[in-house]
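The values are calculated or read from the model by the stated rules, or taken from the named source; none is laboratory data. The structure presented is a predicted model; accordingly, all values stated were derived computationally and were not measured. Here the Cβ positions follow ideal geometry from the backbone for every residue, glycine too, while neighbour counts run over all protein chains shown. Areas reflect the complete protein model, heavy atoms only, side chains present, ligands, DNA and RNA absent. Shrake-Rupley method; radii C 1.70, N 1.55, O 1.52, S 1.80 Å.
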Amino acid sequence: MFQPSPWRSDFPAIAALQGQQQTYLDSAATAQKPQAMLDAWCHYYQHGAANVHRAQHLPGALATQAFESSREKVAHWLNAASPSQIIFTHGATSAFNLLAYGLAHTFAAGDEIVISALEHHANLLPWQQLAQRQGLKLVVLPLDADGSIDLAAAANLIGPRTRLLAVSQLSNVIGRWQPLPALLAMARAQGALSVVDGAQGVVHGRHDVQALGCDFYVFSSHKLYGPDGVGVLYGRSEALGRLRHWQFGGEMVHDADYHSASFQPAPLGFEAGTPAIAGVIGLGATLEYLGGLDHLAIEAHEAALHARLLRGLHDRDGIRLLGTPQLALASFVVDNVHNADLAHLLTEQGIAVRAGHHCAMPLLKTLGLGGAIRVSLGFYNDSDDLQRFFTALDKALELLR
Ligand SMILES: Cc1ncc(COP(=O)(O)O)c(C=O)c1O
């Protein structure tokens, strides 16, 4: 039975891609954008660009107002206690680097940073490099057979030397919610700071950072149907207060002379230089658009499409899933077929899926794999997209086997 997406026509790029005979199933890498975001983006440039937080003129005041209104919308989206807890960065990756530099002074040699085996490089390499620079120990939590962080192992590995826990909410490779409440409680019991990588999780459902109880929460706008070049770092006020400034320049300074300077607190103290003004305004418009949609309907649509995807993969011989995905995506390999060959044949048939290590090389190595194919869904996808994928997959496998 055909399952349409009622929101498909809100995303002009989907029709454009279809005109190019492309079926887009790579939303976990980056999502297509709603017209509401494109309108806000164009409006800003068409009605007068201006820098924020510094100009006294009218265009500057309007840009600053729109920029700060986006901060309020992000705070509201996450149920943060205050907009001042929202720092705009250039993406999730820069938010993690900000944290790894801004918190460096809180670690002493021998302290432990705990991550998990499924982390994206963005939530692995900044901590790994910090550990190397300062003689810290990086502890890696193992996974169970489904691809969830193993809580029994975590209970043994999160201990008195743990100073920070940094884990994903939803894996970009396995597509499983991670057991955050239990993990965050373990970190809290040890007095350790916690960082949640919400890059994938934020795209599905609404998450309340206060209820979650993490110290920091990170995501990228572009996966949440917003513009690229913008990331969000939420921090509890006490946790933000522990950050040291890390990038220096315009806008973040309080007072400066030639040989010394003092700096603003969060958020502006951590937004050195001209930010991605149009991008931040576009993210605000995206959240307004998303906020007006029926979330239960989206959840049901995504769940039904995901179930169809899993059923189709299960029904075909020799396909092995990575873990047990719960939503949003599925990564798989095919017995005796090289993923790069399969990816090539899918690409030739206009199927846009991701192939490779998915920026989680250590995880793929642990699984004994050189790469995998990942199909990921946005709420604009419909069952015809999946049908085209399966038709192309069958044809490719027929050729390769
Ligand atoms: C789980 C996860 N964390 C972090 C990132 C990094 O996001 P960005 O490249 O937007 O900085 C990604 C992007 O794929 C991701 O999937």
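Side notes on the structure shown:
- Taking (1) in contact (Cβ under 8 Å) with a residue 40 or more places away in the chain; (2) open to solvent by less than 10 Å² (accessible area, probe 1.4 Å); (3) of a type in the set (A, V, I, L, M) in turn, Leu313 satisfies each apart from (1).
- Whichever residue in segment 86-109 is assigned to a helix (DSSP H, G or I) and away from the ligand (no atom under 16 Å from the Cβ) and, among such residues, is most open to solvent (accessible area, probe 1.4 Å): His105
- Selection within segment 341-365: residues that are away from the ligand (no atom under 16 Å from the Cβ) and either more than 24 Å from Asn381 (Cβ to Cβ) or in contact (Cβ under 8 Å) with a residue 40 or more places away in the chain (or both). The member of this set that is most open to solvent (accessible area, probe 1.4 Å) is Lys365.
- Flag if Val52 is open to solvent by less than 10 Å² (accessible area, probe 1.4 Å), in the same structural domain as Gly231 (by TED's automatic domain parsing), closer than 30 Å to Asp215 by Cβ and not in a helix (DSSP H, G or I): yes
- Checked against the criterion of being under 13 Å from the mean Cα position of the chain (by Cα) and among the aliphatic types (A, V, I, L, M), the candidates Ala199, Ala187 yield just one match: Ala199.
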